[in-house]
Amino acid sequence: MALGNGLRLTWVGHATWIMETPGGKRVLIDPWVTGNPVVTDEHRDPGPADVFLLTHGHSDHIGDVVELASKHSPEAVLAMVELGGYLDGKGVENVVAFNKGGTVEAAGLRFTMVDARHSSSIEDGGATVYLGEPNGYIVTLEDDRRVYVAGDTSVFGDMALIGRLYRPDVAILPIGDHFTMGPFEAAEAIRLLGVRKVVPTHFGTFGLLTGTPNALRSEASDVTGLEVLDVIPGGTIE
Ligand SMILES: [Zn+2]
């Protein structure tokens, strides 16, 4: 199988994923279902999760955190310091706020916060609230494989450093363009990371996000052994 050994990635839609780990844990990445135009009825509620993993404060990434955390009581809600503080103030329990370079353990998994190039804010009470820097994560699974969750980002040279230090087996990379990198930059991200299993995200949600998995395959056609693992919303890679 593409991922194997019990690792499953289900695309709820846009940047929202459910990661099921070899040890049977569930990690919910950037939950946004309310108003998300591509979410299937089955995933209007993505269900319980052991960990919520948040990359930045934009509403298309944290839109349903408060409600879903209240409903499902995850063991940990992982976020950048400022975003974590904001959510804590909204009544979200079990927030673990940390910063880039740090590693925390939750549900028997390890999460290392790494850089991302983007912005992070939310509209609240008619004002724009800035929520610290955006970030990505390296998730170290029970079988020591590593998944790089890039978050929203452009390509940046230090992806080579992430590749050198963490040697990710799988990378979830945005390809939609406009608000993140598109296929041209994502292909260079793949080269810098040295990763061979790539899961495209943050595309196709609405018309502005024009990047496609096939465009990524074309841009990265020089990368030997590359597997671009794409599904439609509601689909699972395993
Ligand atoms: Zn986004």
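Laid out as a table, the results:
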| item | result |
| --- | --- |
| Packing rank of 223-231, 152-160, 124-132, 112-120, where each peptide gets the mean count of other beta carbons within 10 Å, highest leading | 112-120, 152-160, 223-231, 124-132 |
| Hypothetical label at residue 178: residues of region 113-141 whose amide nitrogen lies under 17 Å (7 Å Cα-Cβ projection) | 119 |
| Proximal lysines relative to residue 90, as straight alpha-carbon distance under 19 Å, when same-chain residues fewer than 8 apart are discounted | 71 |
| Overall form of region 108-238 per C-alpha gyration tensor (a/c, 1.5; a/b vs b/c) | oblate |
| Distance in nm between pseudo-label sites at residue 40 and residue 236 (7 Å out along the Cβ direction from Cα) | 1.0 |
| Using a Förster distance of 35 Å, the FRET efficiency for residue 188-residue 123 (Cβ separation, nearest 0.05) | 0.60 |
| Relative contact order of the chain, defined on C-alpha pairs under 8 angstrom at six or more residues apart (%) | 18 |
| Listed residues 204, 136, 47, most fluctuating in the chain (Gaussian network, C-alpha, under 10 Å) | 47 |
| Low-density loop positions, trypsin sites (Lys or Arg not before Pro), region 1-77 - DSSP coil, at most 14 other Cβ in 10 Å | 44 |
| Cα gyration tensor shape for region 1-63, rounded if a/c is under 1.5, else prolate or oblate | prolate |
| Region 15-126: Cα Rg divided by the 2.2 N^0.38 Å rule of thumb | 1.01 |
| Estimated 222 nm signal from helices in the chain, with DSSP H stretches of n ≥ 4 weighted -39500 (n - 2.57), rounded to 500 | -5000 deg cm²/dmol |
| Efficiency of FRET from Cβ geometry, residue 196 and residue 94, R₀ 41 Å, rounded to 0.05 | 0.75 |
| Computed FRET value (nearest 0.05) for residue 67 with residue 227, which takes r as the C-beta separation and R₀ as 30 Å | 0.30 |
| Of all accessible heavy-atom area on the chain, the percent that carbon and sulfur account for (1.4 Å) | 48 |
| Kirkwood Rh in Å, taken over all unlike Cα pairs in region 84-137 | 12.6 |
| Cα-centred dipole magnitude for region 143-220, charges only on beta-carbon of K, R (+1) and D, E (-1), debye, nearest 20 | 280 |
| Charge context of residue 18, other residues only, Cβ under 12 angstrom, K/R +1, D/E -1 | -3 |
| Among beta bridges that DSSP assigns inside the chain, antiparallel share in %, nearest 5 | 60 |
| Point-charge dipole on Cβ atoms (K/R +1, D/E -1) for region 149-191, about Cα centre, debye to 20 | 200 |
| Cα-based shape type of region 103-163, given that a ≥ b ≥ c are square roots of the gyration tensor eigenvalues and the cut on a/c is 1.5 | oblate |
| Heavy-atom accessible area per residue - the chain, 1.4 Å, Å² | 40 |
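The values are calculated or read from the model by the stated rules, or taken from the named source; none is laboratory data. What you see is a predicted model; the values in this text were computed from it and never measured. Here the Cβ is made from the backbone with ideal geometry for all residues, glycine too, and neighbour counts use every protein chain on show. With ligands, DNA and RNA removed, areas are computed over all heavy atoms of the protein, side chains included. Shrake-Rupley method; radii C 1.70, N 1.55, O 1.52, S 1.80 Å.
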